[in-house]
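Read the structure below first, then the notes.
The values are calculated or read from the model by the stated rules, or taken from the named source; none is laboratory data. Bear in mind the structure is a predicted one, so any value in this text is a computation, not a measurement. Ideal geometry is used to build each Cβ from the backbone, glycine not excepted, and the neighbour counts take in all protein chains shown. In case anyone asks, the SASA skips ligands and DNA or RNA and just uses the protein heavy atoms, side chains included. Shrake-Rupley method; radii C 1.70, N 1.55, O 1.52, S 1.80 Å.
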Amino acid sequence: MTQTSFLRKFFLYKYLFALTFWNHVSLSLEDELFTSVSNNFPEDDSNQKIKSLPLLYTKSHQSKSSFDWIVIQNTTESLSLSEITDDNVKKLVALLSKFRQGSRLRNLTLTNVSVDWNTLMEIFQTVWHSSIEYFNMNSVTQLSDIKSYDFDYSGTSMKALTMKKILITDLYFIQDDLYRIFADMNIADMTIADSDMIHMLCPSSKSRFRYLNFLKNDLTDFLFQKCDNLVQLETLILQKNKFESLHKVSFMTSHMKSLKYLDMSSNLLRHDGADMQCPWAESLTELDLSSNQLADAVFECLPVNIKKLSLRNNQISNVPRGMVELKSLEELNLASNRLADLPGCGGFASLQFLNIEMNSILTPSADFFQSCPRVRELQAGHNPFKCSCELQAFIRLERQSGGKLAGWPAAYACEYPEGLRGTELKDFHLSLLACNTTLLLVTALLLTLVLVAAVAFLCIYLDVPWYVRMTWQWTQTKRRAWHSPPGGQGAVLQFHAFISYSERDSLWVKNELIPNLEKGEGCIQLCQHERNFIPGKSIVENIINCIEKSYKSIFVLSPNFVQSEWCHYELYFAHHKLFSENSNSLILILLEPIPPYLIPARYHKLKALMAKRTYLEWPKERSKRALFWANLRAAISINLPKADENWCEEIH
């Protein structure tokens, strides 16, 4: 062999090794992808053996020596072809017929296939007796009439068939002729998806099917009813079909003695709970019923041995108590329903994982982990949590659970009230007092008692009842004065001054005060209770009348004064007049010094008057008394409207 021939052989085997490494060859029968490896080399005697690669099938392909096929068969495990039509399908069949059992080709994918029924069956029959184990067909259009076909299933290496997007243009045919071909296939796995398939027959005999996937078709409740030949089936996927009755679905599985996984999600399933037994397969351990129209009654129609159950995106508002116990259930998905609280584990003794996200839970129960001691993970996020006192216990539950709340803290945020919306629960805090009703009531009661006691103390200390009583009497007297007959005495000033003093100081008043004022200059008329109180009227009314008829009120202050109850009355009414009439009618005479500790608390007005107003102090030295009387007369000096001249003459 020449050096050039050796190099051509070397590069050819290197290319074939690369194909083996990637384990996949893809080509279109309509496109010329590879014409000749040897076009770039000088021709020699071996050129006929390596002129073209049969797997890279082209229109220019002419030579297919047995050496070339053996090489390709032993180095290629996956083959993908596209654009299969009636024009090139014979070449495809011829190509596939070379891959007899014993070759290395295991995976075949055909895409964009458009052939008639008999040709399609010829492709299947060829594959069935080849080395291919996994056959995939995508986007298949069947063009001609479907008729009965005597398919030979014997001696096959096939394990799995996957068909997606199958379009049948023939609208009038016997359905059994189509479905029987697939129902009786002697393989373990079969998928027919996204093909608008409306039915599938029960296999004619005990089937080898372990896996069936009919995703996104138009299958209904009539599928596999009373079918006894799917005894080895373990996985059945019927997602996105048109099933409506959960009871009929359970009956369908009752003859599938090996069924473990069933996917019925995204259908139209309902269950009315009409006391019907649901005869599920006892072997069924995993069931997906998500995205249906199931309500609370679904819990009356569930497999008793189920371990993993998904009821996501249904219309469940409550997990009823007293339902059939699911003692083996370990994982339950109730997300996207209408639940208002966490379900208990009364019927789920073995529950370990619970997903209850995106429900209507405002305040989840805080005793969940107590009723569900085996739960290892709880997904309760993305609920409209109401951040209030009731939620505090659930937040504490997270701290005590040891990380069992999945998605904490990002998935747990306040929805209500609006002012806290978006606040993560971990950042929401309320005081113990605000959240403990008993403690709050006790605290409020104690504060009320303290307040009542304080008010009572102040009332007693400040003699509030006395002031209330006096105000009432003052009001009543004023009301009577307003209703007195015209020309009465209520509105006329008769005295220059009213004298208020203690009986213990009466000697000074009678011997000093009255003689010096009434017999002195100015003819001052004084109102004294002993001579001017009207018999028959109450003392309080007489006091009020005298104060009302006097221009000034003279208070003789001494330790004896602050001990007198009546002096207090007189001071109160005079002070009331001071503010009600906005007049300067009070004259204070300090007869004897009054130590502050002797003044009772209720005499707070006296303290205020002595602090704010100027008072006359009775001098002990006689030399200063003339000035005292002069100042006092000046404070009283006023011309009364009707001065009594007889009074002045009698006094003088």
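Quick rundown of the values:
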quantity	calculated
Pair list, Cβ under 7 Å, 6 or more apart: segment 160-178 residue polar (S, T, N, Q), other residue assigned to a loop (DSSP other than H, G, I, E, B)	169/143; 175/199
Checking residue 328 against (1) at pLDDT 95 or above; (2) farther than 23 Å from residue 366 by Cα; (3) within 33 Å of the chain's Cα centre (by Cα); (4) open to solvent by 20 Å² or more (accessible area, probe 1.4 Å), the condition it does not meet	(1)
Residues of segment 512-523 that turn out to be open to solvent by less than 20 Å² (accessible area, probe 1.4 Å) and of a type in the set (Gly, Ala, Ser), as a count	1
Any hit, segment 172-192, residues being farther than 25 Å from residue 77 by Cβ, open to solvent by less than 60 Å² (accessible area, probe 1.4 Å), of a type outside the set (D, E, K, R) and in contact with a Cys (Cβ under 6 Å, 6 or more places away or on another chain)	no
Residue within segment 297-307 that is open to solvent by 70 Å² or more (accessible area, probe 1.4 Å) and not in a loop (DSSP other than H, G, I, E, B) present	yes
Residue within segment 259-281 that is crowded, with 21+ Cβ neighbours inside 10 Å and more than 25 Å from residue 211 (Cβ to Cβ) present	yes
Residue 209 being of a type outside the set (D, E, K, R) and either within 15 Å of residue 259 (Cα to Cα) or not in a loop (DSSP other than H, G, I, E, B) (or both)	yes
Conditions (1) in contact with a Phe, Trp or Tyr (Cβ under 6 Å, 6 or more places away or on another chain); (2) modelled with pLDDT under 90; (3) open to solvent by 40 Å² or more (accessible area, probe 1.4 Å): number failed by residue 323	(3)
Qualifying residue in segment 403-414 (condition: of a type in the set (Lys, Arg) and surrounded by 12 or more Cβ atoms within 10 Å (Cβ to Cβ))	yes
Filter result for residue 120 (buried (at least 17 other Cβ atoms within 10 Å of the Cβ), of a type in the set (A, V, I, L, M) and more than 18 Å from residue 212 (Cα to Cα))	yes
Segments classed as helices (runs of 4 or more DSSP H), wholly inside segment 332-440, with at least 2 members that are more than 30 Å from residue 302 (Cα to Cα) and more than 18 Å from the chain's Cα centre (by Cα)	389-401, 432-435
Members of segment 109-132 that are under 57 Å from the mean Cα position of the chain (by Cα) and either assigned to a strand (DSSP E or B) or more than 17 Å from residue 158 (Cα to Cα) (or both)	109, 110, 111, 112, 113, 114, 115
Scan of segment 357-379 for residues that are open to solvent by 10 Å² or more (accessible area, probe 1.4 Å), under 17 Å from residue 406 (Cβ atoms) and either hydrophobic (A, V, I, L, M, F, W, C) or touching a helix residue (DSSP H, G or I) at 6+ places or on another chain (Cβ under 6 Å) (or both), ordered by number	358, 369
Any helices (runs of 4 or more DSSP H) falling wholly within segment 524-581 and containing at least 2 residues that are crowded, with 22+ Cβ neighbours inside 10 Å and modelled with pLDDT under 75	565-580
Some residue of segment 253-265 being in a helix (DSSP H, G or I), modelled with pLDDT of 90 or more and of a type in the set (Asp, Glu)	no
Residues satisfying the stated conditions in segment 511-528, i.e. of a type outside the set (Asp, Glu), without any contact (Cβ under 8 Å) to a residue 24 or more places away in the chain and within 14 Å of residue 554 (Cβ to Cβ)	514
Selection status of residue 223, among the aliphatic types (A, V, I, L, M), in contact with a strand residue (DSSP E or B) (Cβ under 8 Å, 6 or more places away or on another chain), buried (at least 18 other Cβ atoms within 10 Å of the Cβ) and in contact (Cβ under 8 Å) with a residue 12 or more places away in the chain	no
Filtered residues of segment 496-511 (kept if open to solvent by less than 30 Å² (accessible area, probe 1.4 Å), farther than 15 Å from residue 638 by Cβ and outside any loop (DSSP other than H, G, I, E, B))	499, 500, 505, 506, 509
Enumeration of residues in segment 83-108 that are open to solvent by 30 Å² or more (accessible area, probe 1.4 Å) and either closer than 18 Å to residue 161 by Cβ or part of a strand (DSSP E or B) (or both)	83, 85, 100, 101, 106, 107
